[in-house]
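Here's the structure, in structure tokens; my notes come after.
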């Protein structure tokens, strides 16, 4: 594949035979501190791997804990950064032959701890392939894709294990707040049927009245939930965990689907494993 490298900031050749993880983090720390006049307290490598078809280029997904200077004060921020390396070269921008940025084409690989019992929804934990999805029940694309995917996993447990993460898009779907919390409770009870049913809840996605949303959920599922049911610290902790995983995997929208740890921008590759 013919590559075209475009520089986001600077393509640097460092005095090293090849850059390892420590060297990459060291360079980015120095560069960011000089560029932003801020302090980098810590850099974590979230994920790194060689990009297929690029003749040796690697991508690094980094998370920087910084004290960023804003006016006359500093504020703590966690800043994601994607960089690319090959040998002793490092750059912030790498594009393919179609001039598409690899920073937009790639995401970190899923860490092993994301495939935990709390997020396992359907199929088999020992299946040949793992699917991990971030979803909002009011997202039109999720409504089209996710219930069908859950059903397919249920029918093919020897092929798939499905792990479900909530990503309520509250700015455009305020009703997702209450709905995803109820979905979490249904998930814990193993009530997959009604988890799927809430993708077709008959209520305005803009609705914010908790009682109206809970009433619509009861009408749809026959299950009653109170405000106190969805206000526990366990639910808050679960939603925060999902939010943290969303940030770690640099997820920006729904549905976002990973197959065997790798982001699938087509959202359809799992179907290739069905004979």
Could you check the range 169-194 and list, in sequence order, the residues that are under 20 Å from the mean Cα position of the chain (by Cα) and touching a residue at least 40 places away in the same chain (Cβ under 8 Å)?
169, 176, 179, 180, 181, 183, 184, 187
Breaking point among (1) part of a helix (DSSP H, G or I); (2) in contact (Cβ under 8 Å) with a residue 12 or more places away in the chain, for residue 157:
(1)
So which pairs qualify, if the first residue must be in the range 258-271 and in contact (Cβ under 8 Å) with a residue 60 or more places away in the chain, the second must be surrounded by fewer than 20 Cβ atoms within 10 Å (Cβ to Cβ) and part of a helix (DSSP H, G or I), the Cβ gap must be under 7 Å, and the two must be at least 6 apart or on different chains?
259/269; 267/145
Can you name the condition, by its number, that residue 78 falls short on among (1) within 23 Å of residue 20 (Cβ to Cβ); (2) touching a helix residue (DSSP H, G or I) at 6+ places or on another chain (Cβ under 9 Å); (3) touching a residue at least 60 places away in the same chain (Cβ under 8 Å)?
(1)
Given the criteria at pLDDT 95 or above, assigned to a helix (DSSP H, G or I), crowded, with 17+ Cβ neighbours inside 10 Å and within 20 Å of the chain's Cα centre (by Cα), does residue 238 qualify?
yes
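Against the definition (over 21 Å from residue 182 (Cβ atoms), within 19 Å of the chain's Cα centre (by Cα) and surrounded by fewer than 16 Cβ atoms within 10 Å (Cβ to Cβ)), how does residue 73 come out, yes or no?
no
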Just for the range 50-64: of the residues that are under 15 Å from residue 97 (Cα atoms) and surrounded by 13 or more Cβ atoms within 10 Å (Cβ to Cβ), which one is nearest to the chain's Cα centre (by Cα)?
51
Every residue in the range 253-262 that is surrounded by fewer than 20 Cβ atoms within 10 Å (Cβ to Cβ) and within 17 Å of residue 47 (Cα to Cα), please.
260, 261, 262
Only one of (1) surrounded by fewer than 17 Cβ atoms within 10 Å (Cβ to Cβ); (2) without any contact (Cβ under 8 Å) to a residue 24 or more places away in the chain; (3) within 22 Å of residue 107 (Cβ to Cβ); (4) touching a strand residue (DSSP E or B) at 6+ places or on another chain (Cβ under 7 Å) does not apply to residue 43, and that is (1)
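The values are calculated or read from the model by the stated rules, or taken from the named source; none is laboratory data. Since the model is a prediction, treat every value here as computed from it, not as a measurement. Every residue, glycine among them, receives a Cβ derived from its backbone with ideal geometry; neighbour counts consider all protein chains shown.
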